[in-house]
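Working notes, structure below.
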Amino acid sequence: MSSYKNIESALIHGGISTDERTGAVNVPIYQTSTYQQDGLGKMRGYEYSRTGNPTREALEKLIAELEEGYAGFAFGSGMAAITAVLSLLNQGDRVLISSNVYGGTFRVLDKVFNHFGITYTIANTDDLAKYESQITDDVKAVIIESPANPLMTVTDIRGVAEISHQHGLLVIVDNTFMTPYLQRPLTLGADIVVHSATKYLGGHSDVVAGLAVVNSKELAEKLAFIQNSTGGVLGPFDSFLLIRGIKTLAVRMDRHVENAQKAAEFLVSHPAVKTVYYPGLPDAQGYEINKAQAKNGGVMISFELHENYDINVFFESLHLIMLAESLGGVESLVCHPATMTHASIPADIRKKVGITDGLIRLSTGIENIKDILADLSQAIGKAEK
Ligand SMILES: *Cc1c(COP(=O)(O)O)cnc(C)c1O
């Protein structure tokens, strides 16, 4: 963190936090596509808003600072950020992906980048010995999520980065689930961090956005070129909304995590619940590794009810908690990964990686925990066959 030692302060004052001209305490929304030039070749730092916009730039500087990277880039969605980062690769290159990678990341590799001769392999990034054996000569990058969606599989980011760098791979971490407040992958050896800022960074389910942060000047130049060439940039108003959301990230995440920990403990002790996946539980897969690389277990929980519970009835009986795609907003949301977030992954692959039809994913909001638990409890009660 360049200017603020503590992240709680950097969230509020990092990047460019005031308006130099007027002293406004918020970055103005520069809703403009172009900029007047004082003469041929005489620009005041901006020429066209795809290339650069002051509101977007404030956000880009902020996320770079928060992730402790060299430069940040803002895109129109998480997938646009991931697509831009994957555009660093060349025809013939292969990418390794965590087995529980986000469905859209899988889809863009499986159905779009394959047209350009870029291939992928699902790798065991959570098992370092196995992982190394999966690096063939054509592998040029790895994409990790930790914890990975929806089984909250933890990957040793430092371990994977070390092995990957011995083989010259680019290490990309999707840090959407943790945010820089809980985990900073560049400090663990990653080269690039990507975010669906739609989730916790925005935090209010009111904006779709993506961010990428790189750790070197060389990568920054390449990604800036791709961002400007392919054009999937974030607009000024959405950039403003994200800056605004990020200001409260620390207090939101503290409450999110506190509620998630309590919800996970409630589910573990509930007789209707078969399994709970949450990295904040001491017997969870990767508990110690997560504890060493992240501030805590994060917010996302997945669980399965026993067979004598009808999950359709469970979803339909919830009052407070809403059935919806996405996560990371102040409100509690549940989803059914097999038919929603991970539906783009073929059934046989879903089964192989453990995404069962009974799996339920909970994004614990910041409502009163008593209301969240009461809602889960009554819906589980109604779902019993
Ligand atoms: C939502 C999500 C994405 C995609 O982001 P969009 O903003 O929806 O394009 C990528 N990775 C993870 C982990 C996500 O949860």
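The values are calculated or read from the model by the stated rules, or taken from the named source; none is laboratory data. Quick caveat, the model's predicted, so the values are computed rather than measured. Heads up, the Cβs are rebuilt from the backbone with ideal geometry, glycines too, and the neighbour counts pull from every protein chain shown. These accessible areas exclude ligands, DNA and RNA; they are computed on the full protein's heavy atoms, side chains included. Shrake-Rupley method; radii C 1.70, N 1.55, O 1.52, S 1.80 Å.
Observations
- Of all residues making up the stretch 22-72, the number that are part of a loop (DSSP other than H, G, I, E, B) and either surrounded by fewer than 22 Cβ atoms within 10 Å (Cβ to Cβ) or among the hydroxyl-bearing types (Ser, Thr, Tyr) (or both): 28
Results for (1) buried (at least 21 other Cβ atoms within 10 Å of the Cβ); (2) within 16 Å of the ligand (Cβ to nearest atom); (3) assigned by TED's automatic domain parsing to the domain that holds residue 147, shown as yes or no for each residue.
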residue: 257; (1), (2), (3): no, no, no
residue: 262; (1), (2), (3): no, no, no
residue: 269; (1), (2), (3): no, no, no
residue: 274; (1), (2), (3): no, no, no
residue: 294; (1), (2), (3): yes, yes, no
residue: 308; (1), (2), (3): no, no, no
residue: 316; (1), (2), (3): no, no, no
residue: 323; (1), (2), (3): no, no, no
residue: 333; (1), (2), (3): no, yes, no
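- Those residues of the stretch 1-21 which are open to solvent by less than 40 Å² (accessible area, probe 1.4 Å) and part of a loop (DSSP other than H, G, I, E, B), in sequence order: 14, 15, 17, 19
- The helices (runs of 4 or more DSSP H) located wholly in the stretch 270-371 that include 2 or more residues which are farther than 16 Å from residue 177 by Cβ, of a type in the set (Val, Ile, Thr) and over 24 Å from the mean Cα position of the chain (by Cα) occupy 311-317.
- If you go through the stretch 105-148 and keep only what is within 11 Å of the ligand (Cβ to nearest atom) and over 21 Å from residue 191 (Cα atoms), you end up with just 107.
- Residue 251 vs. criteria among the aliphatic types (A, V, I, L, M), outside any helix (DSSP H, G or I) and either free of Cβ contacts under 8 Å to residues at least 40 places away in the same chain or surrounded by fewer than 18 Cβ atoms within 10 Å (Cβ to Cβ) (or both): no
- A single entry from 96, 89 fulfils the requirement of being assigned by TED's automatic domain parsing to the domain that holds residue 15 and more than 20 Å from the chain's Cα centre (by Cα): 89.
- Remark: pairs (first residue in the stretch 306-319, polar (S, T, N, Q); second residue crowded, with 16+ Cβ neighbours inside 10 Å; Cβ separation under 8 Å; 6+ apart in sequence or on different chains) = 317/379; 317/383.
- Within the stretch 160-180, tally of residues that are open to solvent by less than 10 Å² (accessible area, probe 1.4 Å) and assigned to a helix (DSSP H, G or I): 5
- For residue 242, the criteria (1) in a helix (DSSP H, G or I); (2) in the same structural domain as residue 27 (by TED's automatic domain parsing); (3) open to solvent by 10 Å² or more (accessible area, probe 1.4 Å) hold in every case but one, which is (3).
- In a residue-by-residue description of the stretch 212-235, the property of being more than 15 Å from the ligand (Cβ to nearest atom), on the phi > 0 side of the Ramachandran plot, touching a residue at least 60 places away in the same chain (Cβ under 8 Å) and of a type outside the set (Val, Ile, Thr) applies to at least one position.
- Number of residues in the stretch 182-205 that are open to solvent by 10 Å² or more (accessible area, probe 1.4 Å) and in contact (Cβ under 8 Å) with a residue 40 or more places away in the chain: the value is 9.
- Within the stretch 127-153, the set of residues being open to solvent by 50 Å² or more (accessible area, probe 1.4 Å) and touching a helix residue (DSSP H, G or I) at 6+ places or on another chain (Cβ under 9 Å) comprises 128, 132.
- The lone exception for residue 114 - which of (1) outside any helix (DSSP H, G or I); (2) surrounded by fewer than 20 Cβ atoms within 10 Å (Cβ to Cβ) it fails: (1)
- Some residue of the stretch 76-99 being closer than 22 Å to residue 351 by Cβ, within 16 Å of the ligand (Cβ to nearest atom) and in a helix (DSSP H, G or I): no
- Matching option when the condition is more than 11 Å from the ligand (Cβ to nearest atom), touching a helix residue (DSSP H, G or I) at 6+ places or on another chain (Cβ under 8 Å) and in the same structural domain as residue 67 (by TED's automatic domain parsing), among 207, 160, 173, 194: 160
- Residue tally, condition open to solvent by 10 Å² or more (accessible area, probe 1.4 Å) and touching a residue at least 40 places away in the same chain (Cβ under 8 Å), over the stretch 93-109: 5
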